[in-house]
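A.B. asks: Have a look at the structure that comes next, please.
The values are calculated or read from the model by the stated rules, or taken from the named source; none is laboratory data. Only a predicted model underlies this, so the values are computations on that prediction, with no experimental measurement involved. Cβ: placed from backbone, ideal geometry, glycine included. Neighbour counts: every protein chain shown. Just so you know, the surface numbers come from the protein's heavy atoms only, side chains and all, with ligands and any DNA or RNA stripped out. Shrake-Rupley method; radii C 1.70, N 1.55, O 1.52, S 1.80 Å.
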Amino acid sequence: VGDKTDVWQGTLALMVLKTLETMGPQHGYGLARRIEQTSGDQLQLNYGTLYPALLKLEQEGYIRSRWGSSENNRRAKFYELTKAGQRQVRKAAAEWEQTTAILARFIAPAEEV
Amino acid sequence: MRRLRGILVRVASQLRGHRANDDFDAELESHIAMHTDDGMRTGLSLEEARRQALVRLGGADQTRQAWRERRGLPWIESPLRDLHYGVRTLRKHPGITAIAMLSIGLGIGANATIFSIVSRFVLRPAPVGSPSTLMSLRVRHEGSPCCDEFSLPLYTDFHEEAKSFSDVAAYFEVVPASISGSGEPERVWGQAVTPNFFSVLQLPMILGRGFVSGEENQPVILLGARLWQRRFHADPAIIGKTILLSGRTFTVVGIVPPGFHSVDQLLNGEFWVPLGNAAQLVPGLGNQTSREFTWLAVAARLKPDVTPEQASMEIQTLGKRLALAYPKAYKESSFVLEQAGTLPQGIKSQVLIFLTVLLVVVLLVLAIAGANVANLLFAQAATRQREMAVRLALGATRVRLCRQMLVESVLLGLGGGVLGTVLSLWATRSLSAFHLPIPVPVDLSVAVDGRVLLYAFVLSVFSGLLLGLPPAWAASRHTLVNAIKGEDALARPGRRRLTLRNFLTISQVAMTLVLLCPTLLFLRSLQGAARISIGFRPERLLTLSVDPRLHGYTAERTVQFLEELRSRAAVLPGVVSVDCTDYAPLSLGHRAESFHVNGAVETGNQEPIADLYMVTPSYFETMGIPLIAGLRFGEETATGPRIAVVNQAFAERLFHGQNPVGQQVIGAGVTYQIVGVSGNVRSRTLGEDIRPVLYRSLRQSVGGDPSLFGYTLLVHTAAESNAISEGVNRQVHALDPSIAIFNEETMEEHVRSAYFLPRLAATLFGVFGGIGLVLATIGLYGVMSYAVSRRTREIGIRMAVGAEPGMVERLVLHQGMVLTLIAIALGWPVAWMLAKLAASFLYGVQAHDALTFAAVPIFLAVIAFFACWVPARRAAMVDPVQALRAE
């Protein structure tokens, strides 16, 4: 377990939360596909890593789950944001923007020189 | 916060079990199904679509594993599994487990028992509010042993002038009284205290109130909870009622909590009255306004921001000022400040040495037990090597295996700890049965408390870890291939001369030697103590005490009462003679005074101190003390010239062998005419050097110097003395039904409790030495048996090529005895050095007793010989054909 995964886990959580915010309730498979689509198919998600991340978010109270049926009438577990989750999306998104903005300042001047 | 919630949820799901797993299986199944649907929609076959779905998932099992680790707490789960596995392994070998737990249990039990003594007498804080800031004050006089109590004027000085304390209280520690009411009158002990006493102690009453200022001389009383329960059936309505104490009326104002008996935790006080009542309750108390009369213990509460050091400095300054004002009383005095409730200074160092020796001894017992268990675990580890190797091969890490084995040994330790605690519960109860041969009730009971439990727990875990570590490490050594092949590295003989197992055995036998030497010393000391001539005949003597003074008797009436009682008891059938004294010998001492010969020139030397006893005429016959010269007491009158009988030691010290009869001696301002010389007796303790003793006439002494502890009737009977007790009791109550009878026992019982110290030491060491010996014998036997069973094939080959059974036997015996002799050579000098510590507790035997130091090694060698001989016999009976075929 290295730093890479931690960063990845952190960003994956934000992706999941953001996707749930825009799409509404989603099941795991749908979330995975949606994240890939949103990334313009640049991300090759290992779907197996998604479930522990979902469990973590659920344990922390940002999302909740219930069983329902999918558009193809398959039984599936649907995840949706809680109130705390909605707050967390805004907070994490803001933090992320700030982080990338700072990083951008480091990277952009180097290109100019 | 969110993280905390996450952890809580995980802990909860850890406890909940497997249902959630099924739920996740269903979720995964639906994920794969949906992915497969999508795949088939792009034209793939069902199999191919499902295969790709699984690949993208990264494998269903791996996902499940990742999810499970996230769901619960893996770092809790796997130790739980270790625990489960550990319990199973231990149960699989009930024999080894039982022996190991019993060994550790004996060791921990011994340690917990001794530690409960330490906890009781050294660690336990005084039973008061914030004990750390409650100090006790005493006076130390240059050149005399520590310490003296305060006089009332000195207390007043401190109370008014010492700035380091928020308040200072004084109390007279032993006030005897008889309490009447329903049932037989009972003699009880209490304390007379300044009214601020309980507020200085910060001890609230459980019922009613404490004393308030202005109550110095009021007839009010606080009852101890036990007395309240015993005599008043814990009746809450007692508050405000009056009770009779030594014939005086007192109003009960409060009940003191059950945990409090005295600040020093030794005296067993049961009631408290304001100090002003002391003179009435204790007639002949002394002149309270005198600075010479030191009778008050002092408890002082430190101000919140004052350290004991600062307070100590202040009182030394105060002391210097007092020394200037009262040079006669305090010229060479200093003041001692220490935390209240700690052991009295005079006996502290002795007690600490004794306890240290005991702690070392019980740690030795535990170490011997530990060596046993370590050997057992080693043997077990050797047989489990194949299991370990297989688990290593399957990918378990070495740390993981060690942890597994450590969990097992810690479980053994904890099991032993539980057993040991149970043992120490029993042991402390029997220890509490020992009592001191003194008339003042002293609470010496010990019990297993929280500190003891914690100590036992830490010791169990620690010994478990220590025991498990070496075998765990050894067993998980990388000997993979060998082990799987069935050869085991730990058990291979003859590789290294000093294996760890041999080392353990040697240290075990050596420690046993170190333990057995003091054991035999103390047993010999008990024997020596029994040989000590006490100087009087304890058989067929009944003693019982009364204190008529507590019932308002004057001196004359007391003498009259005792005379009457003597003549009434003397005519009872079976009674030979009856006498009276103020104090039975061997009661740790009572009245003592320095004496000089009347008319002798002042030499400036220290005057010899003699113990004083009041006796009635036929005392010497009744006690069986020989009268060597002169007369006994006779028809002297109470107001006539004082006469005395002295013992030989007195005659030697003061008259240097000349006949003292007819001479006069002076002590405490009283002149005595010596009329006779008696044989020596042990006056205070068994072990003392013979002290000078002066016997004075009871009739002449009760008036001027009444006994604080009442008077003891000595009834000499023709046969066993117990049967007569009821008759004597009846005579006491026929004379005065309100008189309380106390300390009723036979003189033999009294002398037996005077053997307190040698008996306690011999009992403790006897038990610990015995345990150590048994453990070491088992250990040696175990090691040799194991060696033989491991070498069966070797022995078989030796015999097949012509070795005689006798030779094989000698081979094994030789190996065992070499270990034993090395151990004895190592242990003997250590025991020799440690014996010095025990010197001051021995009676009639030298610390370096030749018999002890010769007998113990021989004894140990003989025991070791038999422990090795049994396995050696077994080795000799090995059938070579069987042995070779078995492997």
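A.B. asks: Please find, within the stretch A:69-80, the residue that is nearest to B:Ala66 (Cα to Cα) out of those that are more than 8 Å from chain B (Cβ to nearest Cβ) and surrounded by fewer than 21 Cβ atoms within 10 Å (Cβ to Cβ).
C.D. replies: A:Phe78
A.B. asks: Between residues in the stretch A:28-54 that are more than 7 Å from chain B (Cβ to nearest Cβ) and residues that are open to solvent by 50 Å² or more (accessible area, probe 1.4 Å), which pairs lie under 6 Å by C-beta distance while being six or more apart or on different chains?
C.D. replies: Matching pairs, first to second residue: A:Ile35/A:Met15.
A.B. asks: Taking the options B:Ile99, B:Ile117, name whichever one is away from chain A (no Cβ under 14 Å), more than 23 Å from B:Leu466 (Cβ to Cβ), of a type in the set (A, V, I, L, M, F, W, C) and part of a helix (DSSP H, G or I).
C.D. replies: Step by step, each of B:Ile99, B:Ile117 is checked, and only B:Ile117 is away from chain A (no Cβ under 14 Å), more than 23 Å from B:Leu466 (Cβ to Cβ), of a type in the set (A, V, I, L, M, F, W, C) and part of a helix (DSSP H, G or I).
A.B. asks: Would you tally the residues in the stretch B:833-862 being surrounded by 15 or more Cβ atoms within 10 Å (Cβ to Cβ) and part of a helix (DSSP H, G or I)?
C.D. replies: Here the count works out to 12.
A.B. asks: Can you tell me which of (1) at pLDDT 85 or above; (2) under 15 Å from B:Val665 (Cβ atoms) is the one B:Thr622 doesn't meet?
C.D. replies: Only one criterion is unmet by B:Thr622, namely (2).
A.B. asks: Is it true that some residue in the stretch B:708-729 is touching a strand residue (DSSP E or B) at 6+ places or on another chain (Cβ under 9 Å), of a type in the set (Phe, Trp, Tyr) and in a loop (DSSP other than H, G, I, E, B)?
C.D. replies: Within the stretch B:708-729, one or more residues are touching a strand residue (DSSP E or B) at 6+ places or on another chain (Cβ under 9 Å), of a type in the set (Phe, Trp, Tyr) and in a loop (DSSP other than H, G, I, E, B).
A.B. asks: Then there's this: Restricting the first residue to the stretch B:377-402 and requiring it to be surrounded by 14 or more Cβ atoms within 10 Å (Cβ to Cβ), which pairs with a second residue that is outside any helix (DSSP H, G or I) and modelled with pLDDT of 75 or more meet a Cβ separation below 7 Å and a spacing of at least six or different chains?
C.D. replies: Taking only residues 6 or more apart or on different chains, the pairs are B:Gln380/B:His93.
A.B. asks: Hey, can you tell me all the residues within the stretch A:59-68 that are at the interface with chain B (Cβ under 8 Å from one of its Cβ atoms), surrounded by 19 or more Cβ atoms within 10 Å (Cβ to Cβ) and either closer than 19 Å to B:Leu28 by Cβ or small (Gly, Ala, Ser) (or both)?
C.D. replies: A:Gln59
A.B. asks: Continuing with this model, one more query. Mind checking which residues of the stretch B:645-662 are in contact with a helix residue (DSSP H, G or I) (Cβ under 9 Å, 6 or more places away or on another chain) and open to solvent by less than 50 Å² (accessible area, probe 1.4 Å)?
C.D. replies: Once the filter is applied, which keeps residues that are in contact with a helix residue (DSSP H, G or I) (Cβ under 9 Å, 6 or more places away or on another chain) and open to solvent by less than 50 Å² (accessible area, probe 1.4 Å), the stretch B:645-662 yields B:Val645, B:Val646, B:Pro660.
A.B. asks: Name the residues in the stretch B:39-60 that are facing another protein chain (nearest Cβ under 10 Å) and open to solvent by 40 Å² or more (accessible area, probe 1.4 Å), would you?
C.D. replies: Hits for the stretch B:39-60 are B:Arg41, B:Leu54, B:Val55, B:Arg56.
A.B. asks: Hey, which of the helices (runs of 4 or more DSSP H) in the stretch B:742-803, taking only ones fully inside, have at least 1 residues that are over 30 Å from B:Thr383 (Cβ atoms)?
C.D. replies: Hits in the stretch B:742-803: B:747-754, B:756-790.
A.B. asks: In the list B:Leu363, B:Leu324, B:Leu343, which residue meets the criterion of being of a type outside the set (Lys, Arg), open to solvent by 10 Å² or more (accessible area, probe 1.4 Å) and under 24 Å from B:Ser507 (Cβ atoms)?
C.D. replies: B:Leu363
A.B. asks: Any idea which residue in the stretch B:122-165 is least open to solvent (accessible area, probe 1.4 Å), counting only those that are of a type outside the set (Gly, Ala, Ser) and without any contact (Cβ under 8 Å) to a residue 40 or more places away in the chain?
C.D. replies: Top of the filtered list is B:Thr156.
A.B. asks: Of the residues B:Ser30, B:Ser119, which single one is open to solvent by less than 50 Å² (accessible area, probe 1.4 Å), in contact (Cβ under 8 Å) with a residue 24 or more places away in the chain and of a type in the set (S, T, N, Q)?
C.D. replies: It is B:Ser119.
A.B. asks: Answer yes or no as to whether B:Leu588 is more than 29 Å from B:Asn680 (Cβ to Cβ), outside any helix (DSSP H, G or I), out of contact with any Phe, Trp or Tyr (no Cβ under 7 Å at 6 or more places or on another chain) and not small (Gly, Ala, Ser).
C.D. replies: No, not satisfied.
A.B. asks: Under 6 Å between Cβ atoms, which residue pairs at least 6 apart in sequence (or on different chains) link something in the stretch B:746-762 that is closer than 17 Å to B:Gln350 by Cα with a partner that is buried (at least 19 other Cβ atoms within 10 Å of the Cβ) and among the polar types (S, T, N, Q)?
C.D. replies: These pairs meet every condition: B:Pro758/B:Ser525.
A.B. asks: Mind checking whether some residue in the stretch B:589-598 is on the phi < 0 side of the Ramachandran plot, open to solvent by less than 20 Å² (accessible area, probe 1.4 Å) and either hydrophobic (A, V, I, L, M, F, W, C) or more than 37 Å from the chain's Cα centre (by Cα) (or both)?
C.D. replies: Looking for residues that are on the phi < 0 side of the Ramachandran plot, open to solvent by less than 20 Å² (accessible area, probe 1.4 Å) and either hydrophobic (A, V, I, L, M, F, W, C) or more than 37 Å from the chain's Cα centre (by Cα) (or both), one finds at least one in the stretch B:589-598, hence yes.
A.B. asks: Right, next: Output the qualifying pairs, or none if there are none: Cβ atoms under 7 angstrom, residues six or more apart or on different chains, first residue in the stretch B:354-373 and within 13 Å of B:Ser463 (Cα to Cα), second residue of a type in the set (Val, Ile, Thr) and open to solvent by less than 10 Å² (accessible area, probe 1.4 Å).
C.D. replies: Here the result reads B:Leu366/B:Ile108; B:Ile368/B:Thr512; B:Ala369/B:Ile104; B:Val373/B:Ile104, each pair linking the stretch B:354-373 to a residue that is of a type in the set (Val, Ile, Thr) and open to solvent by less than 10 Å² (accessible area, probe 1.4 Å).
A.B. asks: In the set B:Leu302, B:Leu318, B:Leu285, which member is crowded, with 17+ Cβ neighbours inside 10 Å and touching a strand residue (DSSP E or B) at 6+ places or on another chain (Cβ under 7 Å)?
C.D. replies: Result of the check over B:Leu302, B:Leu318, B:Leu285: B:Leu302.
A.B. asks: Okay, next question. Could you check, for the stretch B:616-630, whether at least one of its residues is over 20 Å from B:Phe536 (Cβ atoms) and without any contact (Cβ under 8 Å) to a residue 40 or more places away in the chain?
C.D. replies: No - not one qualifying residue is present in the stretch B:616-630.
A.B. asks: Give the residue that is farthest from the chain's Cα centre (by Cα), with candidates limited to residues of the stretch B:729-752 that are of a type in the set (Val, Ile, Thr) and under 12 Å from B:Leu541 (Cβ atoms).
C.D. replies: B:Thr746
A.B. asks: Which of the residues spanning the stretch A:13-27 are in contact (Cβ under 8 Å) with a residue 60 or more places away in the chain and open to solvent by 10 Å² or more (accessible area, probe 1.4 Å)?
C.D. replies: Once the filter is applied, which keeps residues that are in contact (Cβ under 8 Å) with a residue 60 or more places away in the chain and open to solvent by 10 Å² or more (accessible area, probe 1.4 Å), the stretch A:13-27 yields A:Ala13, A:Leu14, A:Lys18, A:Glu21.
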